[in-house]
Amino acid sequence: MAFLATAEVCDSNAAYLASGDLRVLHPNFQIFGQCRAFSGPIVTLKVFEDNVLVREILETRGEGRILVIDGGGSMRCALVGGNLVQLAQNMGWAGIIVNGCIRDVDEINGCDIGVRALATHPQKPNKKGMGDKHVPVYVSGTLIRDGEWLYADSDGVLISRTELSI
């Protein structure tokens, strides 16, 4: 997949930004993992302090997709750790966005996958299996729908209704 620089995409798509077909996430994510730039179709997940469904989704073939997890912005535990990121890499996921915390940062930074999260936290989450897959989520100032496209690099994260071309 060709790399699209988010700054250039914003510069050349003012009409799409104005219409809402292209949205910019608020810049409150920290960058983890070896892939600083990644893109792909989105799979959405809404959970709160529970990562059973995160594992279920990451155990499926990623095929270059990106998992966007709306963890409610919780800072009380991590939703994703090194084992799940390694699983995602092995299953072919391009990236993970966590509206919440991660842990095992050194392990995650060794993985060839893109990860964005609000912060780190050493505590693991609950294991109840509660949450919703493939539902619209509101993350970092924008509504994100399953099947939309995400583009991330060192400048930021963009959400597009459709796949963008160079």
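The values are calculated or read from the model by the stated rules, or taken from the named source; none is laboratory data. Since we're looking at a predicted model, the values are computed, not measured. Because the Cβ atoms are built from the backbone with ideal geometry, glycine has one as well, and the counts that use them run over all protein chains shown. What goes into the accessible areas is simple: the full protein's heavy atoms, side chains included, and nothing from ligands, DNA or RNA. Shrake-Rupley method; radii C 1.70, N 1.55, O 1.52, S 1.80 Å.
With an a/c value of 1.5 or above and a/b larger than b/c for the gyration tensor axes a ≥ b ≥ c computed over the alpha-carbon atoms, the chain is described as prolate. So how far, in whole Å, is the C-alpha centre of the stretch 55-87 from the one of the stretch 105-132? Result: 6 Å between the Cα centres.
The largest accessible area among His26, His121 belongs to the first residue in His26, His121, and the rest follow in falling order (1.4 Å probe, all chains). With the chain treated as a Gaussian network of Cα nodes joined by springs under 10 Å, which of Ala15, Ala78, Ala117 yields the largest mean-square fluctuation? Checking each option, the largest mean-square fluctuation is seen for Ala15.
Helical content alone sets the calculated 222 nm signal of the chain at -5000 deg cm²/dmol, taking -39,500 (n - 2.57) per DSSP H segment of four or more residues and averaging over every residue. Which residue, Gly141, Gly73, Gly81, tops the fluctuation ranking in a GNM of the chain built on C-alpha contacts under 10 Å? Residue with maximal mean-square fluctuation among Gly141, Gly73, Gly81: Gly141.
The DSSP beta bridges internal to the chain are antiparallel in roughly 50% of cases. Extension gain for Ser165-Asn126 works out to 10.0 nm (0.36 nm per residue, less the C-alpha to C-alpha distance). Quick one: compute the contact order of the stretch 67-166, relative version, from alpha carbon pairs under 8 angstrom and 6+ residues apart, as a percent. Computed over the stretch 67-166, the figure is 24 percent.
Within the listed set Val105, Val80, Val68, the residue fluctuating most in the Gaussian network model of the chain (springs between alpha-carbon atoms under 10 angstrom) is Val105. Subtracting the Cα-Cα distance of Tyr138 and Ile31 from their residue separation scaled by 0.36 nm leaves 36.5 nm.
The heavy atoms of Lys124 present about 130 square angstrom of accessible area, all protein chains included, probe 1.4 Å. By a 1.4 Å probe calculation restricted to protein chains, Lys127 has an accessible surface near 130 Å², given to the nearest 10. Placing +1 on the Cβ of every Lys and Arg and -1 on the Cβ of every Asp and Glu, with no other charges, gives the chain a dipole of roughly 480 debye about its Cα centre.
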